[in-house]
Amino acid sequence: MPGVYTNGVTPLLPVGIGNTGLNYSVVSGYETLPADTQVLAGLNPQSVAVTVFQAAAMAAGMSVNTVTEAANAATLNVIMGRIVSAAQVTAAGATYTVTLTNSTVLAASSVQAAVFSLTNTTPGLVIQSITPAAGSVVIIVRNNGTAALNGTIVIPFLVKPQ
């Protein structure tokens, strides 16, 4: 049955369940999942799609490849991973900068990153900029919330070397 967690789209369900969903017999990994971009209302894109395989592969890679930053710096030489921050107290409207030393990053690399709260409970985190250089990338996170951050955050990243 369509609902809030499916954006009104009828879900795929295994064959033989005896329900009103669309039955499937083989999942190939190319099925797409909607993903909210978490951008402000009115900005684009509001949502995108990833394949089931892409989402699972990224989650697996990021769960294993983790580094905790110290003094706004971290080193992790992989194309996909996550940076866990120290406890943050970044004020509302201010930025937090972390430099990731990573041998897979080239000056012409395309680096994607996102930011999520771990123990922090203040909403409003956004990636302000990502600047790759040979052997490192600088990621700036902005606190667009109305209060200071109050805990740790995580920054998953993906490096596409050129």
- Note on the structure: Filtering strands (runs of 3 or more DSSP E) wholly in the range 97-158 for at least 3 residues that are within 13 Å of S85 (Cα to Cα) gives 136-143
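Quick one: how many residues across the range 74-85 are part of a loop (DSSP other than H, G, I, E, B), touching a strand residue (DSSP E or B) at 6+ places or on another chain (Cβ under 7 Å) and of a type in the set (A, V, I, L, M, F, W, C)?
Adding up the residues that qualify gives 2.
Residue-wise test of (1) among the basic types (K, R); (2) farther than 30 Å from P34 by Cα; (3) modelled with pLDDT under 95.
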position: A60; (1), (2), (3): no, no, yes
position: N65; (1), (2), (3): no, no, yes
position: N72; (1), (2), (3): no, yes, no
position: T75; (1), (2), (3): no, yes, no
position: V98; (1), (2), (3): no, no, no
position: S110; (1), (2), (3): no, no, yes
position: L149; (1), (2), (3): no, no, no
position: V159; (1), (2), (3): no, no, yes
- Counting only residues that are among the small types (G, A, S) and within 16 Å of the chain's Cα centre (by Cα), which one in the range 93-129 is surrounded by the most Cβ atoms within 10 Å (Cβ to Cβ)? A113
- Item | Contacts under 8 angstrom Cβ, first residue in the range 135-162 being crowded, with 16+ Cβ neighbours inside 10 Å, partner of a type in the set (D, E, K, R), 6 or more apart | V154/R82; I155/R82; P156/R82; F157/R82
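The values are calculated or read from the model by the stated rules, or taken from the named source; none is laboratory data. The structure presented is a predicted model; accordingly, all values stated were derived computationally and were not measured. Virtual Cβ from ideal backbone geometry, glycine too; neighbours counted across all protein chains shown.
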